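See below for the structure under consideration.
The values are calculated or read from the model by the stated rules, or taken from the named source; none is laboratory data. Just so we're clear, the structure is a prediction, and the values are computed from it rather than from any experiment. All Cβ positions, even for glycine, are placed from backbone atoms using ideal geometry, and neighbour counts span all protein chains on display. For the accessible areas, the whole protein counts, side chains as well, though only heavy atoms, and no ligand, DNA or RNA atoms are used. Shrake-Rupley method; radii C 1.70, N 1.55, O 1.52, S 1.80 Å.
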Amino acid sequence: MLITLFLSLLVSSVIATEKDSALPRLADAKAVEAFIDSAEVVVIAFLEGEESHGYEETVAAAKRVDTVPAAMCTEKELWAEYSVSSDTITLFRKADNHQENLELAEAKKLDADGLVNFITINEVRYITEYNQVTAVGLFNSEVKTHLLLFANRGTKEYTDLKKQLGTLAPEFTGKFLFVLINGAVKSNSRSLGYFGLKSKDLPRVGIYDGTSDMKWLLPEGEISVERVQEFCQSFLQGELKEVKQAGAEPKTEL
């Protein structure tokens, strides 16, 4: 009796582990739409089944990047809605309404490390902290204008302003990417210098327009949601073109 009970528990444990490791299935259009809308960044594996090349790699990558929800869609009639015609790992993000496809047939090499890299590079959020990895996704985005928050990590301003501007970012989806630059990191001194700033000058807010390579700083003073909102609207209305640019250094990447 005890042996039977033990074997039953063991089998249940194995089944539970398998279920835990599996990607959730999206069986209809509403499920796919709801999943895409459930987080700022999500990944969907458009695959024929769990035996498909790329399935195990996606499961492994999803475990390592647990901040990005992942699911699978095997219903091919739904694939066309997202311009997918073959096995593809797709990342959806709200910050710029972007869909990034990794077509497995065109991937020279596919492993968990590569998928983790694919996700982290393209993990652009409503407010994204700038670093060497996220820079790739930021500058590859079709949205070329960045609202920049310069602040020193560890300060109260850093935490408070990140939260405040994060609530404002959805209002400017498709118009600005909100980017957080940690002034306490030495490698970011180049970004600060581009705006004529040093770590001691922070926090500050700026706008960088990648199309014209022009930049402006919000005048010193309280950094409130209302002031930043007006700053963004001034740019969109073309009013900043008459305002002196920030910094004095020549063109360079952030």
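When you scan the stretch 141-157, how many residues do you find that are at pLDDT 95 or above and not in a loop (DSSP other than H, G, I, E, B)?
7
If a residue has to be under 23 Å from Asp113 (Cβ atoms) and either over 23 Å from the mean Cα position of the chain (by Cα) or without any contact (Cβ under 8 Å) to a residue 24 or more places away in the chain (or both) to count, how many in the stretch 68-98 make the cut?
1
Given Gln164, Gln233, Gln229, which one is free of Cβ contacts under 8 Å to residues at least 12 places away in the same chain, of a type outside the set (D, E, K, R) and assigned to a helix (DSSP H, G or I)?
Among Gln164, Gln233, Gln229, only Gln233 is free of Cβ contacts under 8 Å to residues at least 12 places away in the same chain, of a type outside the set (D, E, K, R) and assigned to a helix (DSSP H, G or I).
Just for the stretch 237-253: of the residues that are loosely packed, with under 14 Cβ neighbours inside 10 Å and in contact with a strand residue (DSSP E or B) (Cβ under 9 Å, 6 or more places away or on another chain), which one is modelled with the highest pLDDT?
Residue satisfying both the conditions and the ranking: Lys241.
If you go through the stretch 117-167 one residue at a time, how many are in contact with a Lys or Arg (Cβ under 8 Å, 6 or more places away or on another chain), under 24 Å from Ile223 (Cβ atoms) and not aromatic (Phe, Trp, Tyr)?
Counting residues in the stretch 117-167 that are in contact with a Lys or Arg (Cβ under 8 Å, 6 or more places away or on another chain), under 24 Å from Ile223 (Cβ atoms) and not aromatic (Phe, Trp, Tyr) gives 7.
For Leu177, state whether it is over 18 Å from Ala135 (Cα atoms), buried (at least 17 other Cβ atoms within 10 Å of the Cβ) and either modelled with pLDDT under 95 or in contact with a Ser or Thr (Cβ under 7 Å, 6 or more places away or on another chain) (or both).
When the stated conditions are applied, Leu177 does not pass them.
Tell me, which strands (runs of 3 or more DSSP E) wholly within the stretch 63-123 include 1 or more residues that are open to solvent by 30 Å² or more (accessible area, probe 1.4 Å)?
98-103
So which strands (runs of 3 or more DSSP E) are wholly in the stretch 172-218 and hold at least 1 residues that are in contact (Cβ under 8 Å) with a residue 60 or more places away in the chain?
The strands (runs of 3 or more DSSP E) meeting that bar are 177-182, 204-209.
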